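One structure below.
Bear in mind that the values in this text are calculations on the coordinates, not laboratory data. No experiment lies behind these values; they were computed from the predicted model shown. Cβ coordinates were reconstructed from backbone atoms using ideal geometry, including for glycine residues, and neighbour counts include every protein chain displayed.
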Amino acid sequence: MFDIHSFKRLSCPDVAYLRTRLAGAEHMTCELSPLNLYVWGYTSETVWQECNGHLYFHLRKEDMLLFADFGADARTPGPSELAEASAALRAAGYGGKIWQVRPAYLDAHPQTAEFFVPRLEDDAAAEYVYETAALRDLTGEKLRKKRNLIKQFLKAHPEPVVKDVADGPVLEDCLALAAEWRARQENPGTEALVREADALGHLRDGFAALGCEGVAVYTEEGLAAFCVYDRVNAEVFTESFEKSRFGVKGAAQFANHEMAKRLSGRARYINREQDLGSEGLRHAKLSYDPAFLLKNDILVPRV
């Protein structure tokens, strides 16, 4: 039986276990990246549990219940168990909605409609997914501006140094750049930016132990850009964080290109996450010509 009291806080050692367990999953959402579950889990008050061998995550602040989807596999919970989990959350005062449910799950489990009403996520929650090879090659007219920006960066900085993000000085440089970037925003005190700063800070809990990866690009003036990324499943990585120094034209594009080159042959797709309703982010993400926008369903309980 699903027991809400079996939920526990996600710890750093849990991340290694979940990384192994989630490796064979079929979901593609960035929300279920082990890194994102952990570093955003402090402000989201994320807890997790296993019930009958099935993985559940509850982001208590947002009241989002997620489950790991392994497709046609016993590790994927059926609709009746989802209904039980939803009822347990409702009894505890939560809404009982289940988020990030793949359309393929609903197709495979039509009986889900007995317990829930599916509702497609809002556009602001759509995740931008790109072919890794496309971000590596940057061919075609749509990506010409990205190629030109990288050329401009290399012309201004002919010998950039690319380092792996790792515990110690490189990570500290990345966090300092992120803090500088935030300070230059029009309103650095918004909830979104405060929460992102908190999540970034938890990279200090042990970058190596968390099992994520990153690339940092240095010029003669110091760190110019960095990105941190994490595996979601066998075919997908998600880019959790990306920042670049103001005034260094092409640095962000160069770092993104380095990430794609490193992930080439290791992942078919890179999920660059949501635009969260920001017109600027939407334009930036669309300018990279995504392969598709990932939109999943929310299961609203029939009560």
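Tabulated results
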{"item": "Which listed pairs, of Lys97/Lys285; Lys163/Lys261; Lys151/Lys249; Lys163/Lys249, have C-alpha distances above 21 Å, in listed order", "result": "Lys97/Lys285"}
{"item": "Extension gain from Asp137 to Thr190, taking 0.36 nm per residue of separation minus the Cα-Cα distance", "result": "15.5 nm"}
{"item": "Inter-probe distance in nm under a simple model that places probes 7 Å from Cα toward Cβ, at Ala291 and Val162", "result": "2.0"}
{"item": "Reciprocal of mean inverse Cα separation for region 127-295 (Kirkwood radius, Å)", "result": "16.4"}
{"item": "Loop trypsin sites (Lys or Arg not before Pro), region 200-303, which have at most 10 other Cβ atoms in a 10 Å radius of their Cβ (DSSP)", "result": "none"}
{"item": "Answer label, with Kirkwood radius over Cα pairs in Å calculated from the coordinates and candidates (i) 24.7; (ii) 23.9; (iii) 20.2", "result": "(iii)"}
{"item": "Sites matching trypsin sites (Lys or Arg not before Pro) across region 101-195 that sit in DSSP coil, with at most 13 neighbouring C-beta atoms within 10 Å", "result": "Arg184"}
{"item": "Cα coordinate range in region 4-121, projected on the principal axes (Å, largest first)", "result": "37, 33, 27"}
{"item": "Span-rule helices in the chain, defined as complete DSSP H runs reaching 20 Å or more along the axis (Cα) with Kyte mean at least -1.0", "result": "169-183"}
{"item": "Förster-model FRET efficiency, 35 Å R0, Asp122 and Asn148, C-beta, rounded to 0.05", "result": "0.55"}
{"item": "Choice from Phe57, Phe237, Phe292 with maximal GNM fluctuation in the chain (Cα, 10 Å cutoff)", "result": "Phe292"}
